[in-house]
1. Only one of 65, 99 is in the same structural domain as residue 173 (by TED's automatic domain parsing), surrounded by 22 or more Cβ atoms within 10 Å (Cβ to Cβ) and under 17 Å from the mean Cα position of the chain (by Cα). Can you tell me which?
2. When you look at residue 113, is it surrounded by 21 or more Cβ atoms within 10 Å (Cβ to Cβ), under 17 Å from residue 134 (Cα atoms) and assigned by TED's automatic domain parsing to the domain that holds residue 176, yes or no?
3. Could you identify the single residue in 159, 126 that is in contact (Cβ under 8 Å) with a residue 60 or more places away in the chain, within 16 Å of the chain's Cα centre (by Cα) and surrounded by fewer than 13 Cβ atoms within 10 Å (Cβ to Cβ)?
4. Do we have residue 85 as within 17 Å of the chain's Cα centre (by Cα) and in the same structural domain as residue 173 (by TED's automatic domain parsing) here?
5. Looking at the range 59-91 only, could you name the residues that are under 19 Å from residue 110 (Cβ atoms), in a loop (DSSP other than H, G, I, E, B) and either without any contact (Cβ under 8 Å) to a residue 40 or more places away in the chain or in contact with a helix residue (DSSP H, G or I) (Cβ under 6 Å, 6 or more places away or on another chain) (or both)?
6. (1) out of contact with any strand residue (DSSP E or B) (no Cβ under 7 Å at 6 or more places or on another chain); (2) within 19 Å of residue 35 (Cβ to Cβ); (3) in a loop (DSSP other than H, G, I, E, B): which one isn't true of residue 97, the others all being true?
7. Taking residue 59 and the conditions (1) under 17 Å from residue 158 (Cα atoms); (2) surrounded by fewer than 17 Cβ atoms within 10 Å (Cβ to Cβ); (3) out of contact with any strand residue (DSSP E or B) (no Cβ under 9 Å at 6 or more places or on another chain), which numbered condition does it fall short on, given that it satisfies the others?
8. Of all residues in the range 1-54 being assigned to a loop (DSSP other than H, G, I, E, B), free of Cβ contacts under 8 Å to residues at least 60 places away in the same chain and touching a helix residue (DSSP H, G or I) at 6+ places or on another chain (Cβ under 8 Å), which is surrounded by the most Cβ atoms within 10 Å (Cβ to Cβ)?
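The values are calculated or read from the model by the stated rules, or taken from the named source; none is laboratory data. Computed from a predicted model, the values in this text were never measured in an experiment. Quick reminder, even Gly has a Cβ in these numbers, built from the backbone with ideal geometry, and neighbours come from all protein chains shown.
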């Protein structure tokens, strides 16, 4: 077997002569921020129902998404990236409330997770990437707008939104929420 000694891009940049500047959250230290939110799901909600949970700047570098839910009877949710619905935070008016779509026309409705089955209670767990999401390990050092495949920073804020997908909520009335750690 061969031995390896590999360096991340951040370490390679710091070892360069002269050192290449490394941005906070992308190899350099930064202030970790947290946004948390929850909603109570109503009974008998159909697929495509949405639940806005937290908001962060478009230039945030999300490090961790923790999700939990009380039992909803039935229902599968995806955690996606939408433009903020606010008219006062700098989000472009024409995009407010819309799902983020990349230059390659890829919808980000499942940006952070694929289907999370909430028929039974879901203990708080890391959903930053669960195998079917678009926010892969190589994108976590990028600003969200770049990680989402946009060609430039639209400015303003993004919302993390839980969307009912494939299975309608039956009994509902349970809380679901997230806690998101990010650097901006």
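1. Details: 99 fails: surrounded by 22 or more Cβ atoms within 10 Å (Cβ to Cβ).
Sole residue among the options that is in the same structural domain as residue 173 (by TED's automatic domain parsing), surrounded by 22 or more Cβ atoms within 10 Å (Cβ to Cβ) and under 17 Å from the mean Cα position of the chain (by Cα): 65.
2. Working: surrounded by 21 or more Cβ atoms within 10 Å (Cβ to Cβ): yes; under 17 Å from residue 134 (Cα atoms): yes; assigned by TED's automatic domain parsing to the domain that holds residue 176: yes.
When the stated conditions are applied, residue 113 passes them.
3. Details: 159 fails: surrounded by fewer than 13 Cβ atoms within 10 Å (Cβ to Cβ).
Going through 159, 126 in turn, just one is in contact (Cβ under 8 Å) with a residue 60 or more places away in the chain, within 16 Å of the chain's Cα centre (by Cα) and surrounded by fewer than 13 Cβ atoms within 10 Å (Cβ to Cβ): 126.
4. On the way: within 17 Å of the chain's Cα centre (by Cα): yes; in the same structural domain as residue 173 (by TED's automatic domain parsing): yes.
Considered against the rule, which asks whether it is within 17 Å of the chain's Cα centre (by Cα) and in the same structural domain as residue 173 (by TED's automatic domain parsing), residue 85 comes out as yes.
5. Hit for the range 59-91 is 60, nothing else.
6. (1)
7. (2)
8. 22
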